[in-house]
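A.B. asks: First, the structure itself, so that you have it in front of you.
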Amino acid sequence: MTIPSDTALNTVSVPDNFHQVFLTAQNYVRHYFSVAQSDPEKGLIEFSGERYILIRAASLSNEFFDMMALLYKDRGEEEARNLSFNFLFDIAHSIGKADAKSFFSKMKVTDPIEKLSAGPVHFAYTGWASVKIHPLSKPTPDENFYLIYDHPYSFEAQSWLDQGKKTKFPVCVMNAGYSSGWCEESFGVSLVTAEIECRAKGDRHCRFIMAPPSKIKQYINNYSKKAYIKYEHYKKIDIPEFFKRKRVQDDLRNHKAHLEQVIQRRTDKLKKANQGLEEANIALKVMLKQMEQKEKADKESFLINIKHSILPYLKQLGETSISHEQQVLLDRLEKNIHDITSPLISKLSSTYLNLTPMEIKVATLVKEGVTNKEIAQSLNVSFNTITSHRYKIRTKLGLKNKPKNLRSYLLSLEE
Ligand SMILES: [Zn+2]
């Protein structure tokens with residue numbers, strides 16, 4: 001197929017060093033759009049076998065903003081405008097990226113400038129705007145990418161002007177989205193575009209700066225200095241972000257995940273603290289039980305001691321020559337001591353008369369079913385000491401060398 005060549009580049013304005021490559025692109029795109037087919041019966045418009053759709057421009061610009069303002073009336077003018085901006089930018093940026101990919105493959109180009117070249121021409125043929133790239137531009141496939149360009153005849157600014165509406169903000173958000181999408185695909189770097197001046201708000205042109213997100217503010221600042229315009233004016237400029245909603249959603253999701261982690265860590269900490277409290281509670285119960293056991297053993301040994309050390313002397317006193325009156329008092333004393341101690345001392349205690357106070361304590365605890373280890377802890381003596389006491393108790397109770405369980409024996413004494 002022979003494509004008749006143009007000699008003049010008239011669909012786009014570029015610095016001289018880009019002239020030839022854009023002229024080649026213009027020849028290609030012009031021919032591409034010359035092979036047209038329209039068949040309303042089938043609802044079909046095609047250029048070079050590729051299907052296109054026609055959209056009334058105003059419906060995607062000032063009329064879209066109006067509709068969103070009405071829909072989001074309750075949330076205020078600014079939020080409605082931001083939503084419109086984000087929506088139109090995302091759509092246009094996606095279309096720009098997809099169209100770029102399709103043309104790279106059709107034109108079989110690989111160099112970034114060649115890839116870029118068809119974009120503005122395609123833009124002109126599809127009715128978005130014509131493009132004028134300024135000589136200060138340095139489109140390089142890296143972090144230093146800088147493009148400054150105008151879109152004379154932008155369909156967006158035009159739609160507002162045709163309605164007689166003057167805005168306070170730049171309106172050419174689809175122009176910005178489409179061009180940054182195409183360039184992003186051409187240069188393989190992430191790019192954003194800000195429209196710094198717009199005809200819809202009374203500026204002389206619709207002017208854009210395109211750069212990587214990390215550089216855009218710096219470039220706008222530099223431009224404002226050169227143009228002798230206060231930077232304050234440019235601070236208000238919206239810098240669109242492709243699929244901002246997704247980023248916001250991701251941020252929210254990450255924040256939620258972070259909160260869940262914090263909650264989980266706190267729950268784990270509480271669980272641990274709770275476990276510590278439970279363990280302390282168990283230890284306290286054990287201590288309390290040991291104290292109760294010791295108290296019981298102490299009481300029993302105390303009462304036995306009274307019986308041991310007082311009653312024999314009272315008995316001896318009764319055998320001396322005392323008056324009848326003294327005898328009566330002595331009997332009462334003996335009876336009272338017996339009454340005080342008897343109900344409290346178990347039957348087995350009398351059997352212990354020849355046991356030492358310590359052995360009585362041990363025997364009492366053995367009878368209660370307390371282990372040697374626990375008895376040692378209760379009485380604050382070593383394990384071996386308890387074993388030794390047990391041996392002596394068995395001996396004194398006549399159980400030495402007999403296969404009889406000490407506890408069972410002690411219990412049998414109580415029956
Ligand atoms: Zn504009």
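We did not get these values from a lab; they are worked out from the coordinates using the rules stated. Model, not experiment: these values are computed from the prediction. Cβ coordinates were reconstructed from backbone atoms using ideal geometry, including for glycine residues, and neighbour counts include every protein chain displayed.
A.B. asks: Tell me, in nm to one decimal, what length is gained between Tyr313 and Asn405 on full extension, where the rule is 0.36 nm per residue of separation less the Cα-Cα distance? Mind showing how you got there, number by number?
C.D. replies: Details: separation 92, 0.36 × 92 = 33.12 nm, distance 3.62 nm.
So the extension gain works out to 29.5 nm.
A.B. asks: I've got another one for you. Give, in nm to one decimal, the length gained when the segment between Thr356 and Glu79 is fully stretched (0.36 nm per residue of separation minus the Cα-Cα distance).
C.D. replies: On the way: separation 277, 0.36 × 277 = 99.72 nm, distance 9.33 nm.
Difference between extended and current length: 90.4 nm.
A.B. asks: Need one word for the stretch 12-242: rounded, prolate or oblate. Basis is the Cα gyration tensor (sqrt eigenvalues a ≥ b ≥ c); a/c below 1.5 gives rounded, then a/b vs b/c decides. Let's see the in-between values first.
C.D. replies: Working: a/c = 1.82, a/b = 1.13, b/c = 1.61.
Oblate shape, in that a/c is at least 1.5 and b/c is the bigger or equal ratio.
A.B. asks: Evaluate the distance, in nm, between pseudo-label points positioned 7 Å from the Cα of Glu279 and of Phe383 along their respective Cα→Cβ axes.
C.D. replies: It is 2.1 nm.
A.B. asks: Given H placed 1.01 Å from N in the peptide plane, which residues other than close sequence neighbours of Glu197 have an amide H under 5 Å from its amide H?
C.D. replies: Arg207
A.B. asks: For each of Asp66, Asp142, count neighbouring Cβ atoms within 10 Å of the residue's Cβ, then give the residues from fewest to most. Write down the numbers at each step before the final one.
C.D. replies: Details: Asp66 15, Asp142 9.
In order of increasing Cβ crowding within 10 Å: Asp142, Asp66.
A.B. asks: Here is a follow-up. Subtract the Cα-Cα distance of Gln37 and Val328 from 0.36 nm times their separation in residues, and report this length gain in nm to one decimal.
C.D. replies: This chain segment gains 90.6 nm when fully extended.
A.B. asks: Could you calculate the FRET efficiency of Arg253 with Leu71 from 1/(1 + (r/R0)^6), where r is the beta carbon distance between them and R0 is 22 Å, rounded to 0.05? Walk me through the numbers before you get to the answer.
C.D. replies: Values: r = 26 Å, r/R0 = 1.18.
So the FRET efficiency works out to roughly 0.25.
A.B. asks: Further question: Could you name the lysines in cross-link range of Lys108, using Cα to Cα under 20 Å and dropping any fewer than eight places away on the same chain?
C.D. replies: Within the straight-line cut-off, Lys108 pairs with Lys97.
A.B. asks: For Ser38, Ser323, what ranking results if the residue with the fewest other Cβ atoms within 10 Å of its Cβ goes first? Mind showing how you got there, number by number?
C.D. replies: On the way: Ser38 11, Ser323 8.
With the fewest neighbours first, Ser38, Ser323 line up as Ser323, Ser38.
A.B. asks: In the structure displayed, which of Lys73/Lys256; Lys272/Lys294; Lys138/Lys215; Lys289/Lys396; Lys299/Lys400 lie more than 22 Å apart, Cα to Cα? Numbers along the way, then the final one.
C.D. replies: On the way: Lys73/Lys256 30 Å; Lys272/Lys294 33 Å; Lys138/Lys215 13 Å; Lys289/Lys396 28 Å; Lys299/Lys400 28 Å.
The answer is Lys73/Lys256; Lys272/Lys294; Lys289/Lys396; Lys299/Lys400.
A.B. asks: What residues of the stretch 13-35 lie in the reach of a label at Lys226, counting those whose backbone N is under 18 Å from a point 7 Å from the Cα along Cα→Cβ?
C.D. replies: Answer for the stretch 13-35: 13-18.
A.B. asks: HN-Hα J couplings of the stretch 47-57 from phi, Karplus 6.51/-1.76/1.60, θ = phi - 60°, integer Hz, Gly and Pro as x?
C.D. replies: For the stretch 47-57, the Karplus-derived couplings read 10, 6, x, 9, 7, 10, 10, 9, 10, 5, 4 Hz, x marking Gly and Pro.
A.B. asks: For the ranges 211-217, 50-56, what's the packing order if you count other beta-carbon atoms within 10 Å of each residue, average per peptide, and put the highest first?
C.D. replies: On the way: 211-217: 17.0, 50-56: 10.1.
Order by mean packing, descending: 211-217, 50-56.
A.B. asks: So, one more: Okay, helix-only estimate at 222 nm for the chain: each DSSP H run of n ≥ 4 adds -39500 (n - 2.57), divide by all residues, round to 500 deg cm²/dmol; what do you get?
C.D. replies: Working: 15 runs with 251 residues, N = 415.
Calculated mean residue ellipticity at 222 nm is -20000 deg cm²/dmol.
A.B. asks: In whole Hz, with x marking every Gly and Pro, tabulate ³J(HN,Hα) for the stretch 205-214 from phi via Karplus 6.51 cos²θ - 1.76 cosθ + 1.60, θ = phi - 60°.
C.D. replies: 9, 9, 10, 10, 10, 10, 7, x, x, 6
A.B. asks: Right, here's the next one. Which of the peptides 106-115, 265-274 is most tightly packed, and how do the rest follow, going by the mean number of other Cβ atoms within 10 Å of each residue?
C.D. replies: Answer by packing, highest mean first, reads 106-115, 265-274.
A.B. asks: If the reach is capped at under 16 angstrom between alpha carbons, list the lysines near Lys42, excluding any in the same chain fewer than eight residues apart.
C.D. replies: none
A.B. asks: Kindly write out, for the stretch 286-303 in residue order, the coupling ³J(HN,Hα) from the Karplus curve 6.51 cos²θ - 1.76 cosθ + 1.60 (θ = phi - 60°), rounded to whole Hz, with x marking Gly and Pro.
C.D. replies: After applying 6.51 cos²θ - 1.76 cosθ + 1.60, I find 4, 4, 4, 5, 4, 5, 4, 4, 5, 4, 5, 4, 4, 4, 4, 5, 5, 5 Hz.
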